[in-house]
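Below is one structure, written out as structure tokens; comments come after it.
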Amino acid sequence: MLLVSLLCLPSLSQDTLSVAGVGADTLVVTGLPVDTVTVSRRMERLSQAKRVILPASLIAVGSIGLIRNSPIQKVSQHVHNSIGNGKLRHTSVDDYIQYTPLALNVCLSLGGVKSKHSFLDRFFAAGGAYVCTFALTNGLKYTVREKRPDSGRRNSFPSGHTAMVFTGAEIVRTEFGPWCGLAAYSVACTVGVLRVTNDRHWCHDVLAGAGIGILSARIGYWMLPVWKRVFPFKDKGRGMSCLPVYNPYDNSLAVSCNILL
């Protein structure tokens, strides 16, 4: 039989109640104070840990592809053989659309779409995310030195294009919600597929690149408190304006961007 006893001390309010188990069939609710700040911090750490699961899994699966005769490497080789060993017609569109999520982030801001963070916060978060993407991809490329499927160059793992586009896609999803994020992630997946069909990367390179991109974006946001301490700016209606510029002397077209700090 379950025995519940309330031991509410007069000096403690109802908000400070906590539950403590005493025996197998006994539950006692005591008047011990609850540290709500500690609980909140633990919940935040747990939430952040959960956000690492997806990118860490992608990076882990991609890394297994580096092991000789591993199942992931065999899948990558099978896909490579299925698309004709790089004999399909190549396209360079992935070299350009990798920047689409980054452009989408800017265009949605200029279009007045409400974002989760202020302009200055997004500026620092995105900057930190792309620096992290660049450092991780290039550090691994010249450490692992995996051969590309279309050449003997040893900088295949991970896919830098894929990491770049997935970083932007995760930033768009974080700032503007799931629908805008779906559009950005559709572009990101397209880039990943094109890197394989263009015979520039193995499948496991793309998986690892996607994981690095998502992880880098989340690291960028986790570093926001650090950037705010290092650069103690106060956001007061800051933003950015863009203006097209035409040069009649060489018939060139450019875009002038002003960041209001």
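The values are calculated or read from the model by the stated rules, or taken from the named source; none is laboratory data. Quantities reported herein were computed from a predicted structural model and do not represent experimental measurements. Positions of Cβ are generated from backbone atoms using ideal geometry, with glycine treated the same way; all protein chains shown enter the neighbour counts.
Is it fair to say Val172 is farther than 22 Å from Gln77 by Cβ, touching a Cys at 6+ places or on another chain (Cβ under 6 Å) and at pLDDT 95 or above? Steps first, please.
Details: farther than 22 Å from Gln77 by Cβ: yes; touching a Cys at 6+ places or on another chain (Cβ under 6 Å): yes; at pLDDT 95 or above: yes.
It is true that Val172 is farther than 22 Å from Gln77 by Cβ, touching a Cys at 6+ places or on another chain (Cβ under 6 Å) and at pLDDT 95 or above.
Residues in the range 206-217: is at least one over 17 Å from the mean Cα position of the chain (by Cα), modelled with pLDDT of 95 or more and closer than 26 Å to Ser151 by Cβ?
Scanning the range 206-217, I find no residue that is over 17 Å from the mean Cα position of the chain (by Cα), modelled with pLDDT of 95 or more and closer than 26 Å to Ser151 by Cβ, so the answer is no.
Does Ile171 satisfy the criteria of being touching a helix residue (DSSP H, G or I) at 6+ places or on another chain (Cβ under 9 Å) and closer than 19 Å to Ile219 by Cα?
Judged against the criteria, Ile171 is a match.
For the range 182-192, state whether one or more residues are at pLDDT below 95 and of a type in the set (Val, Ile, Thr).
Looking through the range 182-192, none of the residues is at pLDDT below 95 and of a type in the set (Val, Ile, Thr).
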